[in-house]
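First comes the structure, then the notes that go with it.
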Amino acid sequence: MLSLNPLVWSLDKVSQWVDQGLAQISRHLFQQMVFMPIQWNRVATHLYRSNLGLSLGALTLVFTWTVLRTMWPAGGMLAHHQPSAALQRTVTAAIIALAASPGVHGLLRINDALVRVFLRPITFASVTGSTRFELSVNPLLALVLGALVLTLLIYLGLFYALRTVEIYVLTGLVPWFAVLWSGGSDDSWLTNIGKELVVAIFVQSVHAMVFWIFLHLVTHTTTVAEEFLEAGVLWYMTKVPGQLRRLLGAQSNPMRLLSWI
């Protein structure tokens, strides 16, 4: 039954518009961006190959210099096991640089399989058929909550656009971090960038688990309290990257490109 109060009637109409917008944005956004596999384009491939070629050249120079030191040590007291260890480290760095792109692609395939497991049983069209929550108690509150959910959905879309860029850039930088790692005994270079890549890749799997909960909630929403719960689930999705970093011990990661996501 329509309210005779024009303000309540107007809020009801605007809230319905927000609810429809939420359904449309969630369907298109999550189908076409958030839970879509990353399309590895030619720019990312060129970035990685360019850095790989330059880094392998640098590693070749380091390897040659280390071989010369092994054959003609600077002093008679120089221990031969040190150049040998440097040679092993240089070769290992070259292998890591060569395996970076295939390794990232392999992790992305595992992540995509996990995402499909959680989202295959649920059709995104079910979001549009959600039950209308009660507006009679406080239509303004319902409108604010709907706008909040809509804002969080847009934020997640932006997050995934930046996530794709971060994976491209970090993969392209792995060869150079392998060069830095080969020249010293500090393993934090590769450890940090490796952790950041793992977080950037598998955050989508964790988001799929959380969004699975959101889809089940949104299709049974009948009260404003449950609308609060929906907004809370989406807000939790914005906190997942930070939690993953803490679990992996990467909360102080100097390789983190996007400190706010």
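Part of a helix (DSSP H, G or I), modelled with pLDDT under 90 and acidic (Asp, Glu): is that true of Asp112 in this structure? So Asp112 fails the test. Select from region 125-184 the residues that are modelled with pLDDT of 75 or more and of a type in the set (S, T, N, Q) and write down the one among them that is farthest from Thr92 (Cα to Cα). So, considering only residues that are modelled with pLDDT of 75 or more and of a type in the set (S, T, N, Q), the one farthest from Thr92 (Cα to Cα) is Thr151. Restricting to region 84-119, count the residues that are among the β-branched types (Val, Ile, Thr) and under 16 Å from the mean Cα position of the chain (by Cα). The number of residues fulfilling the criteria is 3. If we scan region 73-86, do we find a residue that is closer than 23 Å to Leu173 by Cα, open to solvent by less than 50 Å² (accessible area, probe 1.4 Å), at pLDDT below 80 and not polar (S, T, N, Q)? Yes: one or more hits.
For (1) among the β-branched types (Val, Ile, Thr); (2) part of a helix (DSSP H, G or I); (3) closer than 22 Å to Asn41 by Cα, each residue gets a yes or a no:
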| residue | (1), (2), (3) |
| --- | --- |
| Tyr155 | no, yes, no |
| Tyr160 | no, yes, yes |
| Tyr168 | no, yes, yes |
| Val174 | yes, yes, yes |
| Gly184 | no, no, no |
| Trp189 | no, yes, no |
| Gly194 | no, yes, yes |
| Leu197 | no, yes, yes |
| Ala208 | no, yes, no |
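The values are calculated or read from the model by the stated rules, or taken from the named source; none is laboratory data. Owing to the predicted nature of the structure, the values given are computational and were not obtained by experimental measurement. Protein only, heavy atoms only, side chains kept; ligands, DNA and RNA dropped before computing areas. Shrake-Rupley method; radii C 1.70, N 1.55, O 1.52, S 1.80 Å.
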